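Beneath this line is the structure, given in structure tokens, with notes to follow.
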Amino acid sequence: MKHKISEMLTMLHQEHIAAHLKKQSAEKQLALVEQINGLDLSVLNEGENSETRGRFEPLFATTLGEIEEKRESFTQTGLKAIRDGKVGAVLLAGGQGSRLGFDHPKGMFDIGINRRLYIFECLINNLLEVTNAAGAYIPLFIMTSADNNKETREFFEKHDYFGYSSENVWFFIQEQLPTLDKNGKLMISENGNVLTAPNGNGGWYDSMAKTGMLRVVQNAKIEWLNVFAVDNVLQRIADPCFIGAVIESGKVSGAKVVAKAAPEEKVGVICLEDGKPSIVEYYEMTDEMLHQREPDGTLSYNYGVILNYLFRVDKLNGTLSVKLPLHRAFKKIKYMNENGEVVVPGEPNAYKFETLVLDMVKLQDNCLAYEVDRSKEFAPVKNKTGVDSVDTAQELLRANGIEL
Ligand code: UTP
């Protein structure tokens, strides 16, 4: 078996892993062989992200003004769906947060200044506003990774779920994919295994299926799942008005969007691609698309996504067999070098392979783009300082009356 693995690694030009294997104790060798057998080595064939795209057309959003006019009706529809137990929420918290450089799950970051306010706490506070208004809890599924699951669970336990009902919280672990160095070589982790990283936020539904979470969804008769990122501290979760707007529209999915601050803003924009809802990244847009305007002067490709989507469960089931494209991202990832030393890189050093939630939008028949006010709902914590940082998020929290 060991011999076969070495042969296979050599064939894949990964002789250094075969050499590493050889140096291990018999027990470690067994464990490593088992790990390698379970790895998805198809990433070794992945080149640059080279997905061919279809024909783009604008997709217009339900605007702030239109939402305001129907706020009451949308909200009541959404609250009813929540009370009827038809809505679940999925917190995507399996990322590595490499840009923030915080050595714990990002949700454990304390964004407070004069008081303690963890990111997880901010999110639960926002969710509690909704569950208090509805008078019913919303099942919350938290996606973690193999690396951060234990710490995340313990953190929630220690803080008594920040006042949420623990019976309504489920944790599940997403899958991993191998990472590659600049030369396309597999890497070794600090514990001597082949280095892997979480497989991106697009795998959430698949991981829910594999970890038995869909049984919970089915048993509870949940019809809608609101998926959102951990790092937007102004995130409105299971927003009744958003849910109601999607339900009343008769569409099978919804995406919260913000109007672009400038034509060149670096955000993925919601659009139609070959007639299906889709997201086009800023770097995929031609100059003409970036600047194209409607007769009323607004940009034709105006609405950036903020990683807050609503999906209809029955439609998601139909996408389980679809393989989402893998995107390659160059990131800072801790590893063990050939001398057995653990290296914490200061600069990006490794390719990570990720599927993305935004690619699930394309699998939907239609999608309601629902405009929100970015100053009220979008404060991402990606970096330590500068754009989308702790500083900008703190400023936005304060502007929204949240004491820090
Ligand atoms: P990002 O794309 O910002 O990635 O995640 P990240 O890993 O958190 O941070 P960087 O890029 O290394 O700095 C957007 C959202 O998707 C989740 C993150 O936790 C965040 O909520 N995510 C990302 C996952 O749940 N799993 C992943 O594999 C990647």
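Summary of computed values
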{"read-out": "Matching residues in the range 379-404 - criterion: being away from the ligand (no atom under 13 Å from the Cβ) and within 16 Å of the chain's Cα centre (by Cα)", "value": "ALA379"}
{"read-out": "Test for THR355: is it over 22 Å from PRO240 (Cβ atoms) and within 14 Å of the ligand (Cβ to nearest atom)", "value": "yes"}
{"read-out": "Residue in the range 333-351 that is in a loop (DSSP other than H, G, I, E, B), of a type in the set (Lys, Arg) and more than 16 Å from the ligand (Cβ to nearest atom) present", "value": "no"}
{"read-out": "In the range 189-227, the residues that are more than 16 Å from the ligand (Cβ to nearest atom), under 29 Å from PHE330 (Cβ atoms) and open to solvent by 20 Å² or more (accessible area, probe 1.4 Å)", "value": "GLU190, ASN191, ASN193"}
{"read-out": "Residue within the range 85-98 that is open to solvent by 30 Å² or more (accessible area, probe 1.4 Å), closer than 17 Å to ASP391 by Cα and near the ligand (Cβ under 8 Å from one of its atoms) present", "value": "no"}
{"read-out": "Failed condition for GLU341, given (1) under 30 Å from ILE17 (Cα atoms); (2) open to solvent by 40 Å² or more (accessible area, probe 1.4 Å); (3) touching a residue at least 12 places away in the same chain (Cβ under 8 Å)", "value": "(3)"}
{"read-out": "Residue identified as within 16 Å of the ligand (Cβ to nearest atom) and either within 22 Å of ASN232 (Cβ to Cβ) or open to solvent by less than 80 Å² (accessible area, probe 1.4 Å) (or both) among ILE124, ILE113, ILE36, ILE67", "value": "ILE124"}
{"read-out": "Criterion: within 16 Å of the ligand (Cβ to nearest atom) and surrounded by 18 or more Cβ atoms within 10 Å (Cβ to Cβ) - qualifying residue of VAL280, VAL305", "value": "VAL305"}
{"read-out": "Search result, residues across the range 228-243 that are crowded, with 24+ Cβ neighbours inside 10 Å and small (Gly, Ala, Ser)", "value": "ALA238"}
{"read-out": "Residue within the range 284-298 that is within 16 Å of the ligand (Cβ to nearest atom), within 21 Å of the chain's Cα centre (by Cα) and in contact (Cβ under 8 Å) with a residue 40 or more places away in the chain present", "value": "no"}
{"read-out": "Test result for ARG99, of a type in the set (D, E, K, R), closer than 26 Å to THR152 by Cα, under 26 Å from the mean Cα position of the chain (by Cα) and modelled with pLDDT under 95", "value": "yes"}
{"read-out": "Count - residues of the range 170-188 that are surrounded by 18 or more Cβ atoms within 10 Å (Cβ to Cβ), in contact with a Leu (Cβ under 9 Å, 6 or more places away or on another chain) and more than 16 Å from VAL344 (Cα to Cα)", "value": "6"}
{"read-out": "Filter result (open to solvent by less than 20 Å² (accessible area, probe 1.4 Å) and out of contact with any Asp or Glu (no Cβ under 6 Å at 6 or more places or on another chain)) within the range 261-277", "value": "VAL269, ILE270, CYS271, GLU273, PRO277"}
{"read-out": "In the range 141-162, residue farthest from ILE333 (Cα to Cα) [restricted to those that are in contact with a strand residue (DSSP E or B) (Cβ under 8 Å, 6 or more places away or on another chain) and without any contact (Cβ under 8 Å) to a residue 40 or more places away in the chain]", "value": "TYR161"}
{"read-out": "Residues of the range 360-404 satisfying the condition of being surrounded by fewer than 19 Cβ atoms within 10 Å (Cβ to Cβ) and not in a loop (DSSP other than H, G, I, E, B)", "value": "ARG374, SER375, LYS376, ASN383, SER389, ASP391, THR392, GLU395, ARG398, ALA399"}
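Matching residues to (1) at pLDDT below 95; (2) of a type in the set (Ser, Thr, Tyr); (3) out of contact with any strand residue (DSSP E or B) (no Cβ under 7 Å at 6 or more places or on another chain):
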{"residue": "HIS291", "(1), (2), (3)": "no, no, yes"}
{"residue": "LEU299", "(1), (2), (3)": "no, no, no"}
{"residue": "GLY304", "(1), (2), (3)": "no, no, no"}
{"residue": "GLY318", "(1), (2), (3)": "yes, no, yes"}
{"residue": "PHE330", "(1), (2), (3)": "yes, no, no"}
{"residue": "ILE333", "(1), (2), (3)": "yes, no, no"}
{"residue": "ASP373", "(1), (2), (3)": "no, no, yes"}
{"residue": "LYS376", "(1), (2), (3)": "no, no, yes"}
{"residue": "ARG398", "(1), (2), (3)": "no, no, yes"}
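The values are calculated or read from the model by the stated rules, or taken from the named source; none is laboratory data. Note that the structure is a prediction, hence the values are computed from the model and not measured. Note that we place each Cβ from the backbone using ideal geometry, even for glycine, and neighbour counts take in every protein chain shown. Heavy atoms of the whole protein, side chains included, go into the accessibility calculation; ligands, DNA and RNA do not. Shrake-Rupley method; radii C 1.70, N 1.55, O 1.52, S 1.80 Å.
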